[in-house]
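Notes follow once the structure below has been shown.
The values are calculated or read from the model by the stated rules, or taken from the named source; none is laboratory data. A quick note: this is a predicted structure, and the numbers were derived from the prediction, not measured. Reconstructed Cβ throughout: ideal geometry from the backbone, glycine too, with neighbour counts over all protein chains shown.
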Amino acid sequence: MLKIENLHARVEESEILKGLSLTVPAGEVHAIMGPNGSGKSTLSHTIAGRDDYEVTSGGVYLNDTDLLTLDPNERAAAGVFLSFQHPMEIPGVATMNFIRTALNSQRKERGEEEVSAADFLRLIREKAKLVGLSDEKLKRPFNVGFSGGEKKRMEMLQMAIFKPQVCIMDETDSGLDIDALKMVGDVVNAIRDEKRSFLVITHYQRLLDYIKPDRVHVLAGGKIVKSGGPELAVELETSGYDQFIEAA
């Protein structure tokens, strides 16, 4: 379970999160929607531990673990996964070596055995079929020469392999066509279970046609200002965010 309590966070001198509280129980998918500048990406980066995002008060907990006391790599080993809005390229670093090293680093941190090269090869090829990536793409340097949609497929591949406890998806739908949106939904639905939580950050309802949320929250002015069921996302498509911006 992911629990956020009265979280205040700032970037440089600007306070972005202003008392945000949210609980995402294990097994549930919660969507965060809101206007530009409301704090959606700040929330995702703060949970993951980006060092230029300063928490001034409040808490973030994954089950009984206080995430704010952990370094980013320790948070990843504890089960936090962040899908970036704009995934980076790493020239000169082989994709399969990069992902296997990351996977085994997390497993070592948890006291688990490393995955052998043969077992990893079977695993990554199996999951690559799920996200629609060819063997040729797996042999390239990490994300180099990939389109925006292919980079998102690579992120979904990592999520399918790592199987984190909480999956934070920061506008994963940005720039995706219908086929790629469906792929994202397929991956989420394939690993969705009673032990795993999802926090899906999006501007639009269209991704939620493929990932059915249990709850939808509106973030405005650094706080959750309204929560509801999946119907709230449909309502926002019609009404927009102006009412919440004014209230915030």
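For the reader, a short list of remarks on this structure follows.
- Looking across the stretch 196-216, not a single residue is closer than 16 Å to MET159 by Cα and modelled with pLDDT under 90.
- Residue check for PHE162: under 21 Å from ALA26 (Cβ atoms), of a type in the set (Phe, Trp, Tyr) and either touching a helix residue (DSSP H, G or I) at 6+ places or on another chain (Cβ under 8 Å) or exposed (fewer than 15 other Cβ atoms within 10 Å of the Cβ) (or both): yes
- Residues being surrounded by fewer than 19 Cβ atoms within 10 Å (Cβ to Cβ), closer than 23 Å to GLU28 by Cβ and either out of contact with any helix residue (DSSP H, G or I) (no Cβ under 6 Å at 6 or more places or on another chain) or not hydroxyl-bearing (Ser, Thr, Tyr) (or both) - total across the stretch 49-66: 6
So that you can scan it fast, the table gives a plain yes or no per residue for (1) in contact (Cβ under 8 Å) with a residue 12 or more places away in the chain; (2) of a type in the set (Gly, Ala, Ser):
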| residue | (1), (2) |
| --- | --- |
| LYS3 | yes, no |
| SER14 | no, yes |
| VAL29 | yes, no |
| PRO35 | yes, no |
| SER38 | yes, yes |
| SER44 | yes, yes |
| THR56 | yes, no |
| ASP66 | no, no |
| VAL80 | yes, no |
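- Of everything in the stretch 99-132 that is basic (Lys, Arg) and exposed (fewer than 13 other Cβ atoms within 10 Å of the Cβ), the residue that is farthest from PHE162 (Cα to Cα) is LYS129.
- Looking across the stretch 70-98, just one residue is within 18 Å of LYS137 (Cβ to Cβ), surrounded by 20 or more Cβ atoms within 10 Å (Cβ to Cβ) and within 15 Å of the chain's Cα centre (by Cα), and that is SER83.
- Residue within the stretch 191-198 that is among the polar types (S, T, N, Q) and within 24 Å of ARG107 (Cβ to Cβ) present: yes
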